[in-house]
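The values are calculated or read from the model by the stated rules, or taken from the named source; none is laboratory data. Computed from a prediction, not measured in an experiment: that's the story for all the values here. Quick reminder, even Gly has a Cβ in these numbers, built from the backbone with ideal geometry, and neighbours come from all protein chains shown.
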Amino acid sequence: MKRKQERFKIIEERENVIERSKPNYTTIKGRWREHFKNDNPITIELACGRGEYTIGLASRFPERNYIGVDIKGERIWKGSTLAVEQGLDNVAFLRTQILLIESFFDEGEVDEIWITFPDPRPRKRDIKRRLTNPRFLTMYKKLLKPGGYIRFKTDNTQLFDYTLEELQLRTDIINFEFTRDIYSSSLRPECFDIKTKYEEAFASEGETIKYLRFRFTG
């Protein structure tokens, strides 16, 4: 508990973390480019966990800005620490519930969204909490610039099948591609071989990593 509190105190003092205790928590919407001090494209990673994907992408593409979103303070601490250690000034972390994401981004403020290994929420009563549920997709559509991609990775077959079914019911998506084994797919280069802690654990147990991406029309 003491270590957790120490880490919470650290992220309270870090400029690359936006959380409830800070003034910009309620004013950052529509002002992310002011935060980064540039007009570069913005990618957000939802359910970023320890931030491996956010950090991996940011180090590969310094001409873009990356924001990891998660509610867990210790995970945010880890990602923000990696960003500081690697000197990545194109990285930020937002500590909040993803259900509240519209409170932090203007319409069309985001260029790309990654959803990486979210909680699969297997119980039927939790379907509305799955990050690829229609109510979340509606929010993402508002945040994305026209032509922006949503990219989704998971090891969970049930969640992947659910997501495929939901997307196939829609009439407002294009450039929809998917694979049930990213490392044996022509889509592999799109993921840059960045592996999270969870991905490495699942792969070692023989799970294939599923991936899909698409864009909204309109």
Every residue from the range 122-172 that is part of a helix (DSSP H, G or I), under 24 Å from G206 (Cβ atoms) and in contact (Cβ under 8 Å) with a residue 40 or more places away in the chain = T157, L159, F160, T163, L164
inquiry  = Quick check on the range 1-59: of everything there that is loosely packed, with under 14 Cβ neighbours inside 10 Å and among the acidic types (D, E), which residue is farthest from E112 (Cα to Cα)?
reply    = E6
task = State which residue pairs qualify: first residue at negative phi and modelled with pLDDT of 95 or more and inside the range 15-26, second residue among the acidic types (D, E) and in a loop (DSSP other than H, G, I, E, B) in any location, beta carbons under 9 Å apart, and separation of 6 or more residues or different chains.
result = N16/D89; Y25/E19
task = Please go through the range 15-40 and pick out each residue that is assigned to a loop (DSSP other than H, G, I, E, B) and β-branched (V, I, T).
result = T26, T27, I28
ask   = Does A83 qualify as being among the small types (G, A, S), touching a Leu at 6+ places or on another chain (Cβ under 8 Å), surrounded by 21 or more Cβ atoms within 10 Å (Cβ to Cβ) and assigned to a helix (DSSP H, G or I)?
value = no
query = Only one residue in D161, D106, D172, D119 is in contact with a strand residue (DSSP E or B) (Cβ under 6 Å, 6 or more places away or on another chain) and either closer than 26 Å to N65 by Cα or not aromatic (F, W, Y) (or both), so which one is that?
reply = D172
query = in a loop (DSSP other than H, G, I, E, B), surrounded by 12 or more Cβ atoms within 10 Å (Cβ to Cβ) and on the phi > 0 side of the Ramachandran plot - does that describe any residue in the range 106-120?
reply = yes
Conditions (1) under 19 Å from the mean Cα position of the chain (by Cα); (2) surrounded by fewer than 16 Cβ atoms within 10 Å (Cβ to Cβ); number of the one not met by Y211 = (2)
query = Which residues, counting only those in the range 188-218, are under 13 Å from F178 (Cα atoms), among the charged types (D, E, K, R) and assigned to a helix (DSSP H, G or I)?
reply = R188, E190
message = I'd like to verify a number: residues in the range 153-169 that are under 17 Å from F136 (Cα atoms), surrounded by 18 or more Cβ atoms within 10 Å (Cβ to Cβ) and out of contact with any Phe, Trp or Tyr (no Cβ under 7 Å at 6 or more places or on another chain), how many?
response = 3
ask   = Quick one: which of L164, L131, L169 is farther than 22 Å from E52 by Cα, within 19 Å of the chain's Cα centre (by Cα) and at pLDDT 95 or above?
value = L164
inquiry  = Among the listed residues L46, L88, identify the single one that is closer than 21 Å to A201 by Cα and either modelled with pLDDT of 95 or more or not basic (K, R) (or both).
reply    = L46
